[in-house]
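Presented below is the structure to which this report refers.
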Amino acid sequence: MAESIQEINLNNDSPTRDNILITSVDQLVNWTRRSSVWPMTFGLACCAIEMMATGASHYDIDRFGSGPFRATPRQADLMIVAGTVSHKMAPRVKRLFDQMPEPKYVMAMGACTVCGGPYIKHGYHVLKGVDRLIPVDVYVPGCPPRPEALLEGLFRIQDKMKRERVLDRERIGLRPKLLVE
Amino acid sequence: MNAPHIPKAFAASDVRSEEMLLNMGPQHPSTHGVFRVVIRTDGEIVIDSESHVGYLHRCFEKHCESVSFLQSVLYTDRLDYLTSMGNNLAFSLGVERLFTDLVIPERAEHIRVICAELNRIASHLLAIGTYGMDIGAITPFLYCFRDREKILSIFESICGQRLNYNYVRPGGVAYDIDDSMIAAIKDFCKYFRPKAQEYDDLLSNNDIFVRRTANVGVLSKELALSYGVTGPCLRGSGVKRDLRRDLPYSIYSRFDFEIPVGTGERGTLGDCYDRYMVRVREMIESLRIVEQAVSQIPDGPFKTDQIKGKLRPPKGESFIRVENSRGELGFYIISDGKDVAYRVKCRAPSFHNISLLTDISRGAMIADMVAIIGSLDIVMGEVDR
Amino acid sequence: MTPDKVHEILKAKHAQAVSAFDPNPKHPSIKIAPEFWRVVAKTLRDDCGLDYLVSLTAVDRAAELEAIYTLEVMDGARCPIHVRVLVPRDNPLIATVEDIWRTADWHEREAWDLMGITFVGHHNLVRILCAEDWEGHPLRKDYKSPDTYHGIKNNVT
Amino acid sequence: MMTPYTLVDWVLGDGAGWIARFIGAVLVWAVPITGFVSFVGLLSIWLERKISAHIQCRLGPMEVGYHGALQTVADGVKLLAKEDLVPADADRFLFAFAPILAFAGTVVGFAVVPFGPGLIVADLDIGIFYLAAVGSLEAIGVIAAGWASNNKWSLFGSVRAATQVVSYEIPMGLAFVTIAALAGTLSMSGIVDQQQGWIANWFLFRNPFTWIAFIIYYIAALAECKRAPFDLPEAESELVSGFHTEYSGMRFAIFFLAEYAQMYVVSAVAVVLFLGGWYSGIAPLDAAVGTGVAGKLVGAGIIVTKSFLLVCVQMWLRWTLPRIRLDQMLYLCMKILMPFGMLTLVGSTMWEYYFPTPEIAKVGGGWTGNTVMTGVVVAIIGTLSLIVYVRSVIRSTPSLRAASNP
């Protein structure tokens, strides 16, 4: 990740990029972004139950400001792909991702979205990893991951947000690449 | 010259708004997963609807033909992921049925029953909670999750997983349970009984909730039978059918419990409220079974020693059904003597239960549509397999 | 309704339809010739009272495809009876029973989707589980899953 | 308009010309009001999240500031910095205009909401009427939003909003008229003035019918604010997010702010009409602070506190009750609230005619026979309804009761 930051600085030699005003604004905006990551209610399978448990009383993701699970992609910052993505579902996932406003983040929750999980070999109808479809920021393995793991994934997303620049609307360099074979 | 326009007598039925096609799902907050239903509406009234499933088709039956019997248990977890214990149990019983002289130890049978019933409570808790959320009450959902968390922590101590347990296996269970776990289960029984009252106060006796669910989505007995509906949905229509009583498997014949059926107490027999109420009452009955099983659990081995090495059931076919929390979960297993099944067919209760949505939602409102889908309590992992 | 009784009734009404009977108490099954399946199904429901189609299992038996209908009485004795209908693999046609047991609708769609058995007379025989433009019938033993689907690599080794 | 109560007059004196008055009003009012609306929004969103969390055995926001105090600030700035999406087929002008309309409709309501004695933007003679009129402006914003989004769910939400807000104007108006008939004025500060003295002088306690009027008003206010159990226009489990499904970033934030600001407006109006406005209900205390700067500050504190208490009640209801259905919503309005509203109006005026409140009690305060009678009637009605409720609960689910007590 350190490389990609340098990449940004090298690629942009504009004198206004790193001045004191912009960097202060960066800090403020990044603080607000990481303090209020609103996930989208996007449950696909088993992992969705653990995602709900993370939002519920015992684990309470709302403590970190991520409580409001938005039903519509337009108001969400984070797409937690929770569960197996099948080939039939894949176009919808892509579409929902496209509907989200920038800056947007994707968390692949669970083995199925990371790589196909237990369905990798014989699952003819299962997408082998959601990163073939949409760029994934953080991978949370597990089948399903515990709520603590999901919270940890959220913290990693927050770490990522710390390094962003307000001027990079498209998140140059930080936007992960699609897996293309 | 044109004939003068003569206004017709006005009748309310002449007023027609334009029909609209509304696509609900596969990503919608209250379709319980990736279920999609296309609704043809006239204003708020549902004229017709068409269900589309398959967005979570994970090729369960192909996997059973490709991996060994013991590995298949793992995939049964992910069918109805809210009742993994019941799925494990059904598959294990199906495999055991292929053998002619397999004896399952008493202790294992008791552990199976305890786990299956605790899981039924957990599953019904989630069903009730999400149902409340569909109707618009968010707080009961969190109360249900709070109590469900207690069951999950028991399961976690038993088998190390919170959701997909892979615990009940052909020949017994994976690990033994010790006294601390039994104490935890007893504690939970004590804790949970008064909590059921809380759900009553928040939902069952809430006037708005009753008005939203009573007389909505009435599922007649005949329709239920012809669609092969089972579980709480069928019992909500007043049919007293429960495989734990009617076709006892494992050791269910030894326990004393009631089978709650819908009575139409707040509306019509077979409405959403009845289906909801059956679930609430079943939790208490499951609790009774757990208490009985925990109090009489014997010592002994937790798995049979007749299975050594690879699990190779003899050639043959078997069909088994168990009463899962959503209805009768069946497995048709065909073995050709190898350690991999020749064919496994899963008869999923949700698959039947959701197929009648078109019939019972006709004429309802959009808000009712949500209530009906919620009351059928589907799990897409099981519908799509 | 015991399996023997069902067998008796079917023998009496459709003698040539029943080609085999296995009274195994754990797994009773009756084999029906496919051309008679629809009339037999009506008899099974009306005369034998088997009003509950528990399940429809499609099996690939190499040269033939088999549809196993598991039937039961919803109220009363609980003993599922398995009715087997075997059709040739290259021309798998079975009459639909969706109007006899309404739950057969989705089950037949599933059997067509995954195994490729065509149910003649079904009102809407389209794919139910796989995507609409999916090719092949995945549960057949000779099925090869596609290498790519809509440009996304599918097979991972 | 020339009552000495408005702050501009107080600052400038009565003799100022209209230009001076206009500039003064902008400086003295527009800026603080906008600030106050933002403050109300931020505070009530934070309150909502904390209250809901504590109702649900959770903690709520904890990490952003002390007990999440900066949570809404973070949310707001984040929403401002988000990409501003307009759907491809949306009506771009309406789409951009709708949130402004909704927000403006709410903010102009603040013009007649008093923040304390004399702390009122415009003490209109037709205060309540004005409020009822501009209250519907927000609904137009919502309808425009649903239409402009070109989304079927949004359209459903906006049509529901139109149905709901228009219907509930009527019972709300009936409650207004009940109080106006008692007070003999439509001016907000005029109404508050009649409630000074002891707590018995609050219009809530004036006669038994004002209790009903208060309940009707509060239910109608919930519906106007689109709060649960009347959150049909944005019913999350039915309509995804209703009218603001397609809104993102800042525009969604404006809708959000407008909703919470409106919650405050309706609560403040309830306080003005029924709960004594800026009077504490303790006659010597009000007399002690007077009407000077101290009186204004204490009065402002009282009225804001009372309003926020009612806002909290709205939140409490939201996190407890399920949502009602569209037909039930209309049933409640047309067949229950409206007849009872009529009854309230007639009953209240008749009561006032036959048992007029003595002038001495109106001014000086005190417990009169009328107050006692009101108390007795309310107590009887309350006890009866409690008995009916308890009986219905006990009868409702006997089997479960038996099952849970083995």
Q | Breaking point among (1) more than 9 Å from every other protein chain (Cβ to nearest Cβ); (2) surrounded by fewer than 17 Cβ atoms within 10 Å (Cβ to Cβ); (3) over 22 Å from the mean Cα position of the chain (by Cα), for B:Pro194 | A | (1)
Q) Just checking, how many residues over the stretch B:288-305 are under 11 Å from B:Ile182 (Cα atoms) and without any contact (Cβ under 8 Å) to a residue 12 or more places away in the chain? A) 1
Q) Which residues, taken from the stretch A:125-152, are assigned to a loop (DSSP other than H, G, I, E, B), touching a Cys at 6+ places or on another chain (Cβ under 8 Å) and crowded, with 21+ Cβ neighbours inside 10 Å? A) A:His125, A:Lys128, A:Gly129, A:Pro144, A:Pro145
Q) Failed condition for B:His63, given (1) over 20 Å from the mean Cα position of the chain (by Cα); (2) open to solvent by less than 10 Å² (accessible area, probe 1.4 Å); (3) farther than 19 Å from A:Val85 by Cα, with all others met? A) (3)
Q | Matching residues, the stretch B:139-186, being open to solvent by less than 40 Å² (accessible area, probe 1.4 Å) and of a type in the set (S, T, N, Q) | A | B:Thr139, B:Asn164, B:Asn166
(Q) Any residue that is within 13 Å of chain A (Cβ to nearest Cβ), assigned to a helix (DSSP H, G or I) and of a type in the set (Gly, Ala, Ser) - is there at least one of those in the stretch D:120-131? (A) no
Q. In the stretch A:42-65, is there at least one residue being in contact with a Gly (Cβ under 6 Å, 6 or more places away or on another chain), open to solvent by less than 10 Å² (accessible area, probe 1.4 Å) and part of a strand (DSSP E or B)?
A. no
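To keep it simple, each residue is scored yes or no on (1) open to solvent by 10 Å² or more (accessible area, probe 1.4 Å); (2) in a loop (DSSP other than H, G, I, E, B).
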site: A:Gly67; (1), (2): yes, yes
site: A:Met79; (1), (2): no, no
site: A:Thr84; (1), (2): no, yes
site: A:Lys88; (1), (2): yes, yes
site: A:Pro91; (1), (2): yes, no
site: A:Lys94; (1), (2): yes, no
site: A:Phe97; (1), (2): yes, no
site: A:Pro101; (1), (2): no, yes
site: A:Met107; (1), (2): no, no
Q) Within the stretch A:22-69, which residues are under 20 Å from D:Gly65 (Cβ atoms), of a type in the set (A, V, I, L, M, F, W, C) and in contact (Cβ under 8 Å) with a residue 60 or more places away in the chain? A) A:Val25, A:Val29, A:Val37, A:Ile61, A:Phe64
Q. Condition test on B:Leu269, is it aliphatic (A, V, I, L, M) and either away from every other protein chain (no Cβ under 13 Å) or open to solvent by 50 Å² or more (accessible area, probe 1.4 Å) (or both)?
A. yes
Q) Among the candidates B:Asp305, B:Asp359, which residue alone is surrounded by fewer than 24 Cβ atoms within 10 Å (Cβ to Cβ), assigned to a helix (DSSP H, G or I) and among the charged types (D, E, K, R)? A) B:Asp359
Q) Here are B:Thr100, B:Thr41: which of them is within 11 Å of another protein chain (Cβ to nearest Cβ), open to solvent by 10 Å² or more (accessible area, probe 1.4 Å) and of a type in the set (Val, Ile, Thr)? A) B:Thr100
(Q) Can you tell me how many residues within the stretch B:337-359 are under 19 Å from the mean Cα position of the chain (by Cα) and either of a type in the set (A, V, I, L, M) or within 15 Å of B:Pro232 (Cβ to Cβ) (or both)? (A) 8
Q.
Looking at the structure I just gave you, is D:Lys306 part of a helix (DSSP H, G or I), among the charged types (D, E, K, R) and at pLDDT 85 or above?
A. yes
Q: Check off (1) over 24 Å from D:Ala111 (Cα atoms); (2) more than 19 Å from the chain's Cα centre (by Cα); (3) of a type outside the set (A, V, I, L, M) for D:Trp316 and give me the number that stays unchecked.
A: (2)
Q. Taking the stretch D:56-75 as the search range and keeping residues that are part of a helix (DSSP H, G or I) and either open to solvent by 70 Å² or more (accessible area, probe 1.4 Å) or facing chain A (nearest Cβ under 8 Å) (or both), which one is modelled with the lowest pLDDT?
A. D:Gly68
Q | Pick from the stretch D:237-252, criterion touching a Phe, Trp or Tyr at 6+ places or on another chain (Cβ under 9 Å) and assigned to a helix (DSSP H, G or I), ranking: most open to solvent (accessible area, probe 1.4 Å) | A | D:Arg251
Q) Any residue at all in the stretch D:204-223 that is assigned to a helix (DSSP H, G or I), touching a residue at least 24 places away in the same chain (Cβ under 8 Å) and in contact with a Lys or Arg (Cβ under 6 Å, 6 or more places away or on another chain)? A) no
Q. Quick check: is even one residue across the stretch C:10-19 surrounded by fewer than 15 Cβ atoms within 10 Å (Cβ to Cβ), under 18 Å from the mean Cα position of the chain (by Cα) and at negative phi?
A. yes
Q) Any idea which residue in the stretch B:220-247 is farthest from the other protein chains (Cβ to nearest Cβ), counting only those that are among the charged types (D, E, K, R) and assigned to a loop (DSSP other than H, G, I, E, B)? A) B:Asp242
Q: Tally the residues that are open to solvent by less than 40 Å² (accessible area, probe 1.4 Å) and either more than 27 Å from the chain's Cα centre (by Cα) or without any contact (Cβ under 8 Å) to a residue 12 or more places away in the chain (or both), restricting the search to the stretch B:308-331.
A: 3
Q: Can you confirm whether the stretch A:85-92 contains a residue that is more than 14 Å from chain C (Cβ to nearest Cβ) and more than 13 Å from the chain's Cα centre (by Cα)?
A: no
Q: Give the residues of the stretch C:56-100 that are charged (D, E, K, R) and either closer than 18 Å to C:Val40 by Cα or crowded, with 19+ Cβ neighbours inside 10 Å (or both), sorted by residue number.
A: C:Asp60, C:Glu66, C:Glu72, C:Arg84, C:Glu98, C:Asp99
Q: Among the candidates B:Val344, B:Val383, B:Val370, single out the residue that is buried (at least 24 other Cβ atoms within 10 Å of the Cβ), out of contact with any Ser or Thr (no Cβ under 6 Å at 6 or more places or on another chain) and not acidic (Asp, Glu).
A: B:Val344
**Q.** Pairs where the first residue, in the stretch B:124-151, is on the phi > 0 side of the Ramachandran plot and the second is modelled with pLDDT under 90 and not in a helix (DSSP H, G or I), C-beta under 6 Å, 6+ apart
**A.** B:Gly136/D:Pro322; B:Gly136/D:Arg323
Q | For B:Leu82: the one exception among (1) of a type outside the set (Phe, Trp, Tyr); (2) part of a helix (DSSP H, G or I); (3) crowded, with 24+ Cβ neighbours inside 10 Å | A | (2)
Q. Would you call D:Val269 aliphatic (A, V, I, L, M) and open to solvent by less than 40 Å² (accessible area, probe 1.4 Å)?
A. yes
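The values are calculated or read from the model by the stated rules, or taken from the named source; none is laboratory data. None of the values given here were measured: they were computed from a predicted structure. No Cβ is skipped: glycine too gets one built from the backbone with ideal geometry, and neighbour counts run over all protein chains shown. The area values use the complete protein model at the heavy-atom level, side chains included, leaving out ligands, DNA and RNA. Shrake-Rupley method; radii C 1.70, N 1.55, O 1.52, S 1.80 Å.
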